[in-house]
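Laboratory data are not the source of any read-out in this text; all were calculated from the coordinates shown. Note that this is a predicted model, so its numbers are computed, not measured. Here the Cβ positions follow ideal geometry from the backbone for every residue, glycine too, while neighbour counts run over all protein chains shown.
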Amino acid sequence: MKKTIILSAIALSCSFTAINAENVNELTNSAIETAVKEKSPFHMSIVKGDVETVQKLIELGADVNEKWNGLTPAMYAAKYNRTDVLVVLIDNGANLKTKCDKGHTALEYAELSNAKDAKNVIKKELKKK
């Protein structure tokens with residue numbers, strides 16, 4: 001009788017664990033699908049350093065100051081040390097003094113990411129203003 005009770009308790013606890021694992025997987029998959037659906041081609045081009053696509057998208061009306069996931073295009077360029085893209089953004093009116101949702105500027109993202117080249121480009125541009 002004791003063995004039956006113990007085995008039943010073990011089986012029951014395993015089934016609860018399996019149910020919880022399924023719920024976590026569903027939540028994780030849902031979060032991933034949401035993130036993928038909300039991709040911004042403009043911002044992804046900046047992250048990849050695709051200068052030509054960035055220029056074309058700006059010509060087609062992409063906003064150089066529009067935030068995506070709380071960051072401006074200049075912040076993404078600074079974070080990933082994409083200096084060529086950063087120059088294109090600046091030439092098209094990117095505001096380097098804008099703060100992200102957490103209160104950081106593009107210069108701070110360059111510093112946090114140890115992106116020395118981007119940091120120099122931003123500092124040079126800020127000295128002009």
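Which of 40, 113, 45 has the fewest other C-beta atoms within 10 Å, and how do the rest follow up to the most?
By the 10 Å Cβ count, ascending, the order reads 113, 40, 45.
How would you rank 96, 89, going from fewest to most other Cβ atoms within 10 Å of each one's own Cβ?
Placing the least packed residue first, the sequence is 96, 89.
Going by how many other beta carbons lie within 10 Å of each one, how would you line up 86, 107, fewest first?
Lowest to highest Cβ neighbour count: 107, 86.
Taking 7 Å along the Cα-to-C-beta vector as the label spot, tell me the residue 98-residue 65 distance in nanometres, rounded to one decimal.
Placing both labels 7 Å along Cα→Cβ, they lie 0.7 nm apart.
Treating the beta-carbon of each Lys and Arg as +1 and of each Asp and Glu as -1, no other charges, what is the dipole magnitude of segment 40-128 about its Cα centre, to the nearest 20 debye? Display every interim value, and only then the final one.
Working: 14 positive and 12 negative charges, 84 e Å.
In total the dipole reaches around 400 debye.
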